[in-house]
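Taking it in order: structure first as C-alpha cells, then the write-up.
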Amino acid sequence: TKNVSKCYLQVTGMTCASCVANIERNLRREDGIHSILVALMAGKAEVRYNPAVIHPSAIAELIRELGFGATVMENCGEGDGILDLVVRGMASASCVHKIESTLMKTNGVLYCSVALATNKAHVKYDPEIVGPRDVIQVIKDLGFTTTLVKKDRSASHLDHKREIRQWRRSFFVSLAFCIPVMVMMIYMMVMDSQLSDAHAHHNMSNEEMEAIHSSMLLERQLLPGLSVMNFLSFLLCVPVQIFGGWHFYIQAYKALKHKTANMDVLIVLATSIAFVYSFVILLVAMAEKAKVNPVTFFDTPPMLLAFISLGRWLEHVAKGKTSEALARLISLQATEATIVTLGPDNILLSEEQVDVELVQRGDVVKVVPGGKFPVDGRVIEGHSMVDESLITGEAMPVTKKPGNTVIAGSINQNGSLLISATHVGADTTLSQIVKLVEEAQTSKAPIQQFADKLSGYFVPFIVAVSVVTLFAWIIIGFVDFEIVEKYFLGYNKSISAAEVIIRFAFQASITVLCIACPCSLGLA
C-alpha cells in the first residue's frame with residue numbers, strides 16, 4: 001500500500017445513487033485501483049490508485065466507457081481538510097511555537113498557523129491520514145484547552161427581508177406620486193388631441209387656439225411662466241426624487257467612486273438631469289414671465305423610479321423565497337453524532353457524542369431510531385427503514401441493509417444502524433446542495449451581467465452623444481438661425497438670438513439624455 005496516489009475526477013451525467021453505485025462497483029474491479037468515492041451532488045470522484053499500474057487519464061476513460069463524462073481535475077488540493085480552532089491557555093509566543101511545531105510534525109498535517117492575539121488556530125490536513133479529532137487531541141496533550149470555532153448555522157446572510165422592505169417602501173412612495181403625474185399627463189394628451197381636432201375642423205387662428213389652451217385648468221398660470229400642471233408635477237416629483245431615489249443615489253455614488261458606471265448611475269443620471277433641467281427651465285420662465293408654458297420632464301423621475309423599484313422589489317422577493325427554502329434545508333443538518341469504537345466481530349467497545357464537524361472519514365457512527373444521519377456513509381451493521389424524502393422527494397421509507405449508502409439529514413425510522421462515514425463536513429450531499437443554492441443566489445444571471453457591462457459603455461456613450469448634440473445645435477444655430485427658429489416654438493421674441501440658440505441646444509441635449517436613459521434595459 002506504500003505506492004498509492006490520489007486523483008480527483010469531475011464526473012458529469014450522474015442522475016441518482018444508482019449511477020454512483022454503478023461507477024464505484026465497476027471501477028473497484030479494475031487492476032491498480034484501491035478505492036473510489038463518488039459524490040453525486042458535487043459531481044466528483046476521488047480515486048486512490050497505484051500509479052505503476054494505471055494513470056488518471058485511463059481511469060477517466062473507464063468512467064467514460066460506462067456512459068458518463070469524466071475529466072481529471074488538476075488541483076488536487078480540493079481534498080484537504082481545513083480546521084479552525086479556538087485555543088485557550090496560551091501565554092506567550094513560545095506556546096504558539098510549541099503548538100505549531102508539534103502539529104507540523106504530526107503525520108498528515110499540511111499547514112498550521114496559530115495566532116496568539118485572537119487565540120485561533122488554522123490547520124490544513126489530509127483527511128486520509130488524520131482527522132479533526134486527532135488534531136484536537138494533539139493540542140490537548142500539550143496542555144491547552146481547545147474548541148471548534150462555532151459555525152453560524154443560521155442562514156442570516158441569505159435573509160432578504162431588509163431589502164424587500166426597503167424596495168417595497170421605495171416602490172409605494174414612487175407609485176403614490178407617479179399616478180397623479182400620469183393622470184395629468186394623459187389628461188393633457190387627450191385635451192391636446194381634441195384641440196388639434198377642433199383646429200383641423202374649424203380653422204381657428206393660432207391666437208384663438210392659445211386662448212383656449214390657456215383657459216384649460218392645468219395650463220392656467222399661477223404666476224407668470226408657472227402653470228398649474230408644472231407646479232403640481234414639481235411638487236409630486238420632489239419627494240420621489242428624495243425618498244424613492246435615495247438608494248439609487250447611494251449605489252451610484254459608490255459605483256462612481258470606483259470609476260465604474262452601472263445601472264444605478266444611469267437611473268440617477270436620467271432622473272436628476274430631467275428634474276434639475278425642468279426645475280431650471282421653470283425658474284427661467286418665471287423670471288421672464290413667459291406667456292407660453294415651458295416643456296418640462298417632471299413626469300420622468302416618478303414613473304422611472306416606480307418601475308425600477310418594482311423590478312428590484314420582485315427580484316428580492318424571489319431571492320427571499322429561495323433563501324427561506326435554503327434556511328430550512330440548513331436546519332435539517334444534524335448537530336451531533338455518536339461515534340462508536342468497534343472491537344473484533346463488530347462488538348461495541350465505547351461510544352461518545354461529538355460535534356458533527358469532528359466526524360472523520362472512516363469513523364463508525366451509530367444512528368438510533370428516530371435520529372438523523374449526521375454524515376453520508378455506508379451501512380456496516382443493522383437493518384432499518386429510512387425517510388430520505390428531504391433529498392429524493394420519495395415519500396416511502398427506503399430499506400437499508402449492510403452495504404447500502406445513507407444520506408446526511410435523512411431520518412432513521414425503526415432500527416439502529418452502524419454506518420461508516422464516507423463524506424463528512426462540506427462534502428455531504430446536504431452541504432453540497434446548500435452550497436450550490438448559495439452560489440446560484442450570489443451569482444448574477446448572465447443577462448444581468450451583460451446589462452451591467454453594457455451600461456458601463458452605454459453611460460459614457462450617451463453622455464458623449466448629448467454633448468455632441470449640444471455643440472452641433474450651437475454651431476447650426478450660429479450658421480443658420482432659421483432652422484432653430486423653425487423648431488424652437490414659442491420662444492420669447494425679446495431674447496437675443498444667441499441665448500435662443502443656446503437654450504434650444506441645451507433642450508435638445510437634455511432630451512437626448514432623458515430619452516436615451518436605458519431604463520428599458522434596467523427594467524428588463
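Could you list, in sequence order, the residues of the range 225-278 that are part of a helix (DSSP H, G or I), more than 34 Å from the chain's Cα centre (by Cα) and hydroxyl-bearing (S, T, Y)?
If the condition is that a residue be part of a helix (DSSP H, G or I), more than 34 Å from the chain's Cα centre (by Cα) and hydroxyl-bearing (S, T, Y), then S233, Y277, S278 are the ones that fit.
Identify all residues within the range 331-349 that are part of a strand (DSSP E or B), open to solvent by 60 Å² or more (accessible area, probe 1.4 Å) and more than 20 Å from E128 (Cα to Cα); write none if there are none.
Listed by number, the residues that qualify are E336, L348, L349.
Take the range 411-437 and flag every residue that is part of a loop (DSSP other than H, G, I, E, B) and closer than 22 Å to R25 by Cβ. Working first, answer last.
Step one: list which residues in the range 411-437 are part of a loop (DSSP other than H, G, I, E, B), which gives 413-416, 424, 428.
Of everything in the range 411-437, just one residue is part of a loop (DSSP other than H, G, I, E, B) and closer than 22 Å to R25 by Cβ, namely T428.
Among residues belonging to the range 360-410 that are open to solvent by 20 Å² or more (accessible area, probe 1.4 Å), among the polar types (S, T, N, Q) and not in a loop (DSSP other than H, G, I, E, B), point out the one that is modelled with the highest pLDDT.
T399
Is one or more of the residues making up the range 420-432 open to solvent by 20 Å² or more (accessible area, probe 1.4 Å) and modelled with pLDDT of 90 or more?
yes
Go through (1) assigned to a loop (DSSP other than H, G, I, E, B); (2) within 26 Å of V437 (Cα to Cα); (3) open to solvent by 60 Å² or more (accessible area, probe 1.4 Å) and name the single condition K291 misses.
(2)
Look at E351 and say whether it is under 22 Å from I407 (Cα atoms) and among the charged types (D, E, K, R). Before you say what the answer is, go through the steps one by one.
On the way: under 22 Å from I407 (Cα atoms): yes; among the charged types (D, E, K, R): yes.
Taking the combined requirement at face value, the residue satisfies it.
How many of the residues making up the range 18-36 are at pLDDT below 85 and open to solvent by less than 60 Å² (accessible area, probe 1.4 Å)? Give the steps one after another, and end with the answer.
We begin by selecting, within the range 18-36, every residue at pLDDT below 85; these are 18-21.
Filter once more, keeping what is open to solvent by less than 60 Å² (accessible area, probe 1.4 Å): 19-21.
The number of residues fulfilling the criteria is 3.
The values are calculated or read from the model by the stated rules, or taken from the named source; none is laboratory data. Everything numeric here is computed off the predicted structure, so don't read it as measured data. Note that each Cβ is placed from the backbone with ideal geometry, even for glycine, and that neighbours are counted across all protein chains shown. Just the protein is used for accessible areas: all its heavy atoms, side chains included, with ligands, DNA and RNA removed. Shrake-Rupley method; radii C 1.70, N 1.55, O 1.52, S 1.80 Å.
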